[in-house]
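Heads up, the thing below is written out as structure tokens.
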Amino acid sequence: MVTRATLPVDEKKKVKPSSQRPVLQGHANPSREQRARQGDPRFSDVPEALRHLHLLLRSHRLYDAAHPSVLDSLDAAYDSLKRSAADLGGLDLRAERGGIVVPRINEGHLIDPRGEFQALANDLQRVGIQTLYFAAKFHVGELDTLAQLIKATLLRSEEQQIAGGIAPGRPNSGSIAWKAFRSIR
């Protein structure tokens, strides 16, 4: 036989544990507008949508276009991006050096504990994309075409770097970054 002990609960003294209190991430002292945006459920779907986009780009590089993993990630990315773009009336993002910025949420980088948004920003910058906008309504074919173009551009730039004797990920000798590096040395 099992008996359980119970304690009476006084409603006046009921305090929410610190683990259940809402935590605002980002700036140390977020403004009232930023706190309202972070609590808005429309904005909570954006990081998930960007993770799905990053997964789509990675799976396109790893597998053939007709592979089931690519098709699954395309469906997931399309559904989440379409939902976020429809909720916000269009989703725009900027790829910056430190990560991804979504101006409608915050002017700072999105919180990125696993480094996924940093990797996505690096991939977008390597192909020359600094700003990406998803309209409130777009077609899955457009997303697939974007992923294929990014894959082709990344592969072409890596092939050129290897043919030129430059390690992938390092700027080529004709780029402004390489000239700036050489002038610093």
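For the range 41-163, a simple Cβ point-charge model (Lys and Arg +1, Asp and Glu -1, everything else neutral) yields a dipole of about 180 debye relative to the Cα centre. Between the amide H of GLU96 and those of VAL101, distances stay under 5 Å, these residues lying 5 or more places away or on another chain, with hydrogens modeled in the peptide plane. Phi angles of the range 107-121 translate, via the Karplus equation with coefficients 6.51, -1.76, 1.60 and θ = phi - 60°, into HN-Hα couplings of 7, x, 5, 5, 4, 9, x, 9, x, 5, 6, 5, 5, 5, 4 Hz per residue; Gly and Pro are given as x.
All of the numbers you see were taken from the coordinates with simple rules; none came from a lab. A quick note: this is a predicted structure, and the numbers were derived from the prediction, not measured. Ideal geometry is used to build each Cβ from the backbone, glycine not excepted, and the neighbour counts take in all protein chains shown.
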